[in-house]
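Colleague: Sharing a structure with you now.
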Amino acid sequence: MRKVIGIGETLLDIIFRDGQPTAAVPGGSVFNGIVSLARTGVPVCFVSETGNDRVGDIILRFMRDNGIDTSHIYVFPNGKSPVSLAFLDEKSNAEYLFYKNYPTQRIDVEFPPITEEDIVVLGSYYALSPVLREKVTELLDKARQANAIVYYDPNFRASHKEEAIKLAPTIIENLEYATIVRGSLEDFFYMYGLKDADRIYREKIKFYCPTFLCTDGAGTVSLRTSALAKDYNVAPLQTLSTIGAGDNFNAGIIYGLLKHGVHRDTLGQTNESTWNAIVQCGMDFAADVCRSFNNSVSPEFAESHRI
């Protein structure tokens with residue numbers, strides 16, 4: 001059976017509204033999507049790290065409760081598990097403060113086996129960090145050798161925009177490994193100073209990776225492939241929190257690829273009606289997570305989407 005393999009950070013998100021903490025939930029850019037996929041019955045593996053402390057215990061217990069194997073999680077003896085403070089504004093968008101104290105030794109674990117049936121997911125600064133680069137490229141090389149789909153979400157935050165030029169070679173390397181690139185207009189503005197999906201695809205993505213999805217919050221979803229250019233309208237929605245929206249859009253796209261039997265070798269031949277269904281999965285997953293303070297889809301939504 002096909003599986004999804006993610007690599008990324010795990011942390012505890014403490015969510016504030018009107019200056020008061022309202023929820024504390026395990027999170028992380030790739031992790032949020034992996035949890036949603038696990039809840040729908042997709043076999044998943046997650047490669048990450050956490051501390052040997054109370055926060056780490058919460059994260060590991062949460063993983064086990066959601067059917068995620070913890071054997072690829074490095075529990076470091078020194079340092080502390082990372083924590084994020086997320087402050088929601090009146091539009092339910094978040095501004096973050098991160099508290100991290102990692103040890104010198106990082107993700108000292110073996111990778112799960114990868115086959116051509118599988119999908120490997122990476123993103124955020126975790127996929128760019130010089131400290132982790134050797135381990136990340138080791139996983140990407142295994143994915144390439146196996147001919148697996150590589151799904152890359154840059155998730156490039158404002159806090160790293162001053163490093164965009166310095167990180168450009170690593171971003172390009174990730175784009176070269178990628179089979180599908182999905183990012184938000186905000187990501188690409190911080191990376192390239194561009195806010196037009198067509199220009200971003202034409203000038204920055206297409207040469208490296210022909211399959212591209214660009215989201216714009218509650219605005220349109222843009223799909224660009226070597227054979228198709230299409231924009232999708234996002235249905236209006238009352239949101240409690242947008243924290244996991246992009247992460248779960250990714251989960252929905254991956255769910256759609258699995259549901260419709262798309263592999264790396266057939267991705268380029270995927271027709272418009274199949275893409276319509278896949279993008280709808282992405283929008284449905286994102287919409288569900290916006291209705292709560294959770295970073296992943298609800299158990300009820302997941303049960304109705306068992307794969």
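Colleague: So which residues in the stretch 92-111 are in a strand (DSSP E or B) and charged (D, E, K, R), if there are any at all?
Modeller: Across the stretch 92-111, the qualifying residues are Glu95, Lys100.
Colleague: Of all residues being farther than 29 Å from Ser84 by Cα and at pLDDT 95 or above in the stretch 234-257, which is surrounded by the most Cβ atoms within 10 Å (Cβ to Cβ)? Just the residue, please.
Modeller: Applying the filter and picking the extreme gives Leu257.
Colleague: List, please: which pairs have Cβ atoms under 6 Å, are six or more places apart or on different chains, and start with a residue in the stretch 15-26 that is over 19 Å from Ile59 (Cα atoms) and end with one that is among the aromatic types (Phe, Trp, Tyr)?
Modeller: Taking only residues 6 or more apart or on different chains, the pairs are Phe16/Phe87.
Colleague: Applying the selection to the stretch 286-307, what residues are assigned to a helix (DSSP H, G or I) and either basic (Lys, Arg) or over 18 Å from the mean Cα position of the chain (by Cα) (or both)?
Modeller: Passing the criteria: Pro299, Glu300, Phe301, Glu303, Ser304.
Colleague: Could you list, in sequence order, the residues of the stretch 112-137 that are of a type in the set (Ser, Thr, Tyr) and either farther than 17 Å from Tyr74 by Cβ or part of a loop (DSSP other than H, G, I, E, B) (or both)?
Modeller: Thr115, Ser124, Tyr125, Ser129, Thr137
Colleague: Mind telling me which of the residues Thr274, Thr225 ends up being crowded, with 19+ Cβ neighbours inside 10 Å and more than 30 Å from Glu162 (Cβ to Cβ)?
Modeller: After ruling out the rest, the residue left standing is Thr225.
Colleague: Another question about this same structure. Where the second residue is among the hydroxyl-bearing types (Ser, Thr, Tyr) and surrounded by 21 or more Cβ atoms within 10 Å (Cβ to Cβ) and the first is closer than 18 Å to Leu228 by Cβ and free of Cβ contacts under 8 Å to residues at least 24 places away in the same chain and lies in the stretch 194-217, which pairs have Cβ atoms under 9 Å and are six or more apart or on separate chains?
Modeller: So the pair list comes out as Ile200/Ser222; Tyr201/Ser222.
The values are calculated or read from the model by the stated rules, or taken from the named source; none is laboratory data. In this text, all values refer to a predicted model and were calculated from it rather than measured experimentally. Counting neighbours? That spans all protein chains shown, and the Cβs are built from the backbone with ideal geometry, glycine included.
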